[in-house]
Each structure stands twice: as structure tokens, then as C-alpha cells.
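What follows is a short report on a single structure.
What follows is calculated from the coordinates using simple rules that are stated; it is not laboratory data. All figures in this text were calculated on a predicted structure; none of them were measured in a lab. Here Cβ is always computed from backbone atoms with ideal geometry, including for glycine, and neighbour counts include all displayed protein chains.
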Amino acid sequence: MAQTYLVTGGGRGIGRGICIELAKKGFSVLINFAGNEKTAEETKALCEQASSSPTQQFSLIQADISDPLQREALLKASFSLHGRLDGLVNNAGIAPKQRFDFLDMPQESYDRLMDVNLKGPIFLTQLIANEWKRQGDLSEKTIIFISSVSSDTVSLNRGEYCISKAGLSMGASLFATALAPYGAYVFEVRPGIIKTDMTSAVESKYDALIASGLVPQVRWGTAEDVGKTVVSLASGNLSFSTGTVIYVDGGLHIPRL
């Protein structure tokens, strides 16, 4: 039976790209989504088209990871639907509904992003890691956190997003350290400027910045770029590199004068 990965926020954007790339390489995928079932169904269909083995399975699990009860339900479904769970990709995340200057950032917006972008993945990972531990089955399990260059790059008009991603980066390091003695792998993938529906509102702004040299590789990143990186990690190619941060940003993070 094919290895199974749970991808949170798998219905669209970067999550969809990750699911499709996993499908191409022979993995089964549990596609988590919070509310948009139509896009999640589309992702499932694309995974089925991309699959390379008859043993692969693709299932949808609706759950809002910011809700503790729904996280518990997601945990149970993840271990039962395919009879196994080999890895977790913490991808689900949201942007502020409205961009405010940092000095005017509303607490409501901050709380919303913390619940989804930080609290959700941290406590979902805790649940899943403890279930693997209970089963005596942590060896070679893989956990991947999809963060952002916003983890260490300031955007004053979306400070709550930056703080949530910075916290997620530390969470990845904490889990990598805590789970290393059990043989599990934890990685952080840090995307840069990726063309998705989340960035569509600022597309013209970043088109100009990329053209002027902001990104050394002089192009937008794609969900496929992120997905290919996840597949490499899921395939065990960095088995002595737990805790590593991998940038998928075309060189954006390189300090330059």
C-alpha cells in the first residue's frame, strides 16, 4: 500500500500543488479542507489524474484546524481512512481579511490568524505525533511545516501574518528537537512570492518588483515548486537533516546590497 500523507489546506493554492506532486510520485493523500468542498473535490480529481499506481488512494476530510474538536476529528479520520498515516504537511493558512498598518492592527485579526496559522498546526502536530508515539511508530515519520519568508521578513501592513509564521518556524524547530530521538523527521519549507489566489490581489505590485530584481531568479514561484520540494522531503532524501529550513523563493532570502 502506498504511503499516505495528510495535507492541511489541500483544496487550493499551495496545498493543491503539494497534493498533486505527492500523487505524481506514488503517495496516497488525505486532502483536508475547511469549507470549500468544490475546490477540494477538484484537487482530488487532479490527484487521481496524476496518480501513478493503482494502490494510491485520495480522500477528502473537512475540518477547521483552528477548532479543537475538529482537530480531534481530523486526527481520527487521518488514521482510519487509509489504514495508515506516514506524514503530515502543515500547509493550511490564511491572510488578514484587511491589511492594516502594524500600529493599527486589530486584535480580532491577530487572534484569527494565530488560531489558524499557528495554534492549529501546532496542536494538530502534537495530536498526530502523540498518536504515532502511542502506537510505537514514530520512526521515519515526516512532518513538514509550510511557513513563509514572512517568518523573518517584515511587512508592516500584515504584521499578524508575519508573527504567525515566525511562531510556526519556531514550532518546527521545537518539534524537530523533540521528535529526533524517536527517528521522526521535521522540516520547514519557507516559500517566497508564490502565484496563488492568496497573492492575486497584489499581483501587479509583485510583477513590478520581480521585474526590477527583487527575486534573483526573476519569476514568481508556483505551487508546483513548493510541491516538488515537499515530495523530496517525503521521499526521505534528507534523512540526516531534521530541523532544516528550505527556502522556495528564487533566492529572495539572499542578503544583497
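With springs only between Cα atoms under 10 Å, which of G213, G243, G159 fluctuates most in a Gaussian network model of the chain?
Maximum among the listed residues: G213.
Ratio to report: Rg/Rh of the chain, with Cα atoms as the point set and Rh obtained by the Kirkwood method; give two decimals.
Working: Rg = 17.5 Å, Rh = 18.4 Å.
Ratio of gyration radius to Kirkwood radius: 0.95.
Hey, got a sec? Which trypsin sites (Lys or Arg not before Pro) in the range 196-257 land in a DSSP loop and have at most 13 other Cβ atoms within 10 Å? Show your work: numbers first, answer last.
Values: sites: K205, R219, K228, R256; in loops: R219, R256.
Hits after loop and neighbour filter: R219, R256.
To the nearest 20 debye, what is the magnitude of the charge dipole of the chain about its Cα centre, counting +1 on the Cβ of each Lys and Arg and -1 on the Cβ of each Asp and Glu?
Working: 24 positive and 26 negative charges, 74 e Å.
The dipole magnitude comes to about 360 debye.
How many Lys pairs in the range 4-248 lie less than 19 angstrom apart by Cα atoms, where the lysines are 8 or more positions apart or on different chains?
Close lysine pairs found across the range 4-248: 19.
Under 10 Å, Cα contacts only: if you run a Gaussian network model on the chain, which one of D101, D137, D152 comes out with the highest mean-square fluctuation?
Top of the fluctuation ranking is D101.
Bins of 5 Å, beginning at zero and ending with the bin holding the largest distance: percent of Cα pairs per bin for the range 129-257, please.
Distribution as computed: 2, 10, 18, 20, 19, 13, 9, 5, 3, 1, 0 percent.
Taking the Cα centre of the range 98-139 as origin, sum charge times position over the Cβ atoms of Lys and Arg (+1) and Asp and Glu (-1), and report the length of that vector in debye to the nearest 20. Could the numbers behind the result be given before it?
Working: 5 positive and 7 negative charges, 48 e Å.
Dipole magnitude for the range 98-139 comes out near 240 debye.
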